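Heads up, the thing below is written out as structure tokens.
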Amino acid sequence: MKEEMSSVDIKYIVEELKSLKGARIDKIYHDGSEIRIKLHKAGEGRKELIIEAGKRIHLTSYIKEAPKMPSSFTMLLRKHLSGGFFDNIEQHDFDRIVKIKVGNYTLIAELFRRGNIVLVDENNIIIGALSYEEFKDRAIKPKHEYKLPPARESPIEVSWERFVELIKGEDVEIVRALARKMNMGGLYAEEILLRAEIDKKKKANELSEEELKLIFEKMREVFNAPKKPNIVYKDSTPIDVLPIELKWYEGYEKKFFETFSEALDEYFGKILIESAKIERTKKLQDKKRGLEVTLRKQEEMIKGFERQMQENQEIGDLIYANFTFVENLLKELSKAVEKLGWEEFKKRIEEGRKSGNKVAQMIKDVDPKEKAVTVELEGKKVKLYLNKSIGENAEIYYEEAKKAKHKLEGARKAYEDTLKKIQEIEKLIEEEMKKELKVKKLERRKKKWFEKFRWFISSEGFLIIGGKDATTNEMVVKKHMNENDLYCHADVHGAPHVVLKDGQKASEKTIFEACQFAVSMSKAWSEGVYSADAYWAYPNQVTKKAPSGEYLGKGAFMVYGKRNWYHGIPLKLAIGIVEYEGEKLPMCGPVDAVRAHTDRYIIIRPGRTKKSELAKKIAKIFEKWGYKVDLDELMQILPPGNGEIVEVVE
């Protein structure tokens, strides 16, 4: 299985990533050996670039939870790169080194061996790096000049003369000579020789000029082949990801992609999920093993308590079964102790055993401290207290039997609880093992026109849009409201303008939902209010014309005439994945509206949970349901301010 990108892969991905030129860097995250750069490009929306040192670089749609505490490297990158623009990207000398230019800075991704990610300034001086280290010919340290590793030959740019010079004199197999001298790796060397129909084991210095020319031509053919990104499978398991189609994998199952980034993302993303799944399963297995140890101990305790209960019950019964004998024995022994004293009594019993006295031989132990003797009755040892009656002696054993029974009941309950926990963990393990087959992800897609606004689809299928800020508030009213619509607004300062498309055909139910959306997406939510008022009006009542002597700023409008009010509207919303125009979209709107379009949804209201944390909780629930949703996308559609989950409907 392929674990890192080759120089050839990097050549193709760099060509693709040049399309990012002009994108603004919004956020940067660092976790372990990888960094993620969130970008925004006008007209194309948000993109996320992943760079994993020593392994890969591509756009990704696999959303990974950001570390709770940003590392020092994260802070360094954010300080110098956040808000900057992606100016250029290039591969260095057909090596596994990628340079990304952002203003006066260059981010260098070393994708060979252990790899590194280095930030340098306009003078090529190192500002910071993922890891600091020294080599024979260079050092990765702050304030040191960044030096590239020695240049390697490019199979794309090499001349015929240089090719012959490098290959002809090699006293090794041609496949090894090509892979090493032309910096292409074994797979592409095999592919070239397969196309040239030349034995890969033939020594390089034994090849004729005609054979070398054929190899050179096929090398050019391979590295100028049209891009055809694909993942190669063997027995349904992905084994390679490639920018072009290779003859070497002829007959293998393949999945083709529009871009190489998508292919890399699918390939490495699945590996990431599989690794995470194994790790999660490992923790569950460890927990299960610990519980199984506890279960075995509890089983032993149960057996012990059962034994104690039975033995004490039997001895109590035995005392009563031999009532007359035991009663007389207690009387006689008590008299003897009273007459002789405990020490002399014990001495006489020991002498009696030796002389063969039957009563003395029946007594197995004398305990002066507890004023008791242990006798053997019907093969069982029974401790009898001489200062107690026969009934009191029997009751001691019955009481011990009761205590053992009580402990037994507790032990059995604890055993059942442990067994239940093991069964729950086994179920979780089973779910984890199946999860890979169920996981879906919301693919990067072209956003619908209304997704730049706040929006939802009503329970009756009407589209409702609202502004997010002054600019979008202006657009909602001036550009997207027409005479067939309805206008809604909350009686709260800073509330969004909401337009119910084709609203004059809608029923009271949809109009109420639009008004509830207006109050829920207002500042009332962030202020923790649980209800507010809103109204609706006709489009011709909404105007930019201000009262005499007043001025209406950007995003502000006047409403003249009758307003149709709803009072005490509860601030409560739901969020779920709905299907609209053939696509699955995360939608946040009134509970009735979301419920009408999906069976599984999450109900929220104003609360104390930070919006970012709330988004993470919702994303985890969606992931459990099989959907990968971008956290930024969730943040965009959630109401302003903190909140809390009221109910999860599945």
Candidates Ala411, Ala394 - the one that is under 30 Å from Thr294 (Cα atoms) and in contact (Cβ under 8 Å) with a residue 40 or more places away in the chain: Ala411
Count - residues of region 206-257 that are assigned to a strand (DSSP E or B) and of a type outside the set (A, V, I, L, M): 10
Let me spell it out: the conditions are (1) at pLDDT 90 or above; (2) touching a Leu at 6+ places or on another chain (Cβ under 7 Å), and Ala534 meets all of them except one. Which number is the exception? (2)
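Out of Met1, Met5, which single residue is crowded, with 22+ Cβ neighbours inside 10 Å and closer than 30 Å to Pro226 by Cα?
Numbers: Met1 fails: crowded, with 22+ Cβ neighbours inside 10 Å.
Only one candidate qualifies: Met5.
Check Ile602, Ile645 and return the single one that is buried (at least 19 other Cβ atoms within 10 Å of the Cβ), within 21 Å of the chain's Cα centre (by Cα) and at negative phi. Outline the logic, then answer.
Numbers: Ile645 fails: buried (at least 19 other Cβ atoms within 10 Å of the Cβ).
The unique qualifying residue is Ile602.
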Residue in region 137-166 that is nearest to Arg180 (Cα to Cα), counting only those that are in contact with a helix residue (DSSP H, G or I) (Cβ under 7 Å, 6 or more places away or on another chain) and in contact (Cβ under 8 Å) with a residue 60 or more places away in the chain: Pro155
Any residue in region 1-25 that's touching a residue at least 12 places away in the same chain (Cβ under 8 Å): show its pairings with residues that are assigned to a helix (DSSP H, G or I) and of a type in the set (Gly, Ala, Ser) at Cβ separation under 9 Å, as long as the two are six or more apart or on different chains. Ser6/Gly185; Ser7/Gly185; Val8/Gly185; Ile13/Ser261; Glu16/Ser261; Leu17/Ser261
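Looking at region 351-366, which of its residues are surrounded by fewer than 14 Cβ atoms within 10 Å (Cβ to Cβ) and assigned to a strand (DSSP E or B)? Quick ask: steps written out before the conclusion?
Step one: of region 351-366, the residues surrounded by fewer than 14 Cβ atoms within 10 Å (Cβ to Cβ) are 351, 354-356, 358, 365.
Hit for region 351-366 is Asp365, nothing else.
Quick one: which strands (runs of 3 or more DSSP E) sit completely within region 454-523 and have at least 1 residues that are touching a residue at least 60 places away in the same chain (Cβ under 8 Å) and surrounded by 24 or more Cβ atoms within 10 Å (Cβ to Cβ)?
Filter on region 454-523 gives 454-457, 463-466, 486-490.
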Sole residue being more than 19 Å from Trp455 (Cβ to Cβ) and not polar (S, T, N, Q), chosen from Ala596, Ala546, Ala574, Ala534: Ala546
Test Thr324 against the stated conditions and say whether it is of a type in the set (S, T, N, Q) and in a helix (DSSP H, G or I). yes
When every residue in region 210-226 that is at pLDDT below 90 and not polar (S, T, N, Q) is compared, the one nearest to the chain's Cα centre (by Cα) is Pro226
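Yes/no matrix, rows are residues, columns are (1) in a strand (DSSP E or B); (2) within 18 Å of Ala518 (Cα to Cα); (3) in contact with a Cys (Cβ under 6 Å, 6 or more places away or on another chain):
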site	(1), (2), (3)
Lys545	no, no, no
Tyr551	no, no, no
Lys554	no, no, no
Trp565	yes, yes, no
Val578	yes, no, no
Within region 611-618, is even one residue among the polar types (S, T, N, Q), in the same structural domain as Glu527 (by TED's automatic domain parsing) and free of Cβ contacts under 8 Å to residues at least 24 places away in the same chain? yes
Is one or more of the residues making up region 430-438 at pLDDT below 90, aliphatic (A, V, I, L, M), out of contact with any Pro (no Cβ under 6 Å at 6 or more places or on another chain) and crowded, with 17+ Cβ neighbours inside 10 Å? no
Single match in Ile174, Ile125 (criterion: at pLDDT 90 or above and either closer than 29 Å to Gly103 by Cα or within 40 Å of the chain's Cα centre (by Cα) (or both)): Ile125
Within region 524-543, how many residues are in a strand (DSSP E or B) and either surrounded by fewer than 15 Cβ atoms within 10 Å (Cβ to Cβ) or in contact with a Lys or Arg (Cβ under 7 Å, 6 or more places away or on another chain) (or both)? 4
Say whether the condition of being surrounded by 17 or more Cβ atoms within 10 Å (Cβ to Cβ), basic (Lys, Arg) and under 20 Å from Leu130 (Cβ atoms) is met by at least one residue in region 40-48. no
Exactly one of (1) closer than 17 Å to Ile637 by Cβ; (2) within 29 Å of the chain's Cα centre (by Cα) is unmet by Glu513. Its number? (2)
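The values are calculated or read from the model by the stated rules, or taken from the named source; none is laboratory data. Quick caveat, the model's predicted, so the values are computed rather than measured. When we count neighbours, we look across all protein chains shown, and the Cβ atoms used for this are built from the backbone with ideal geometry, even at glycine.
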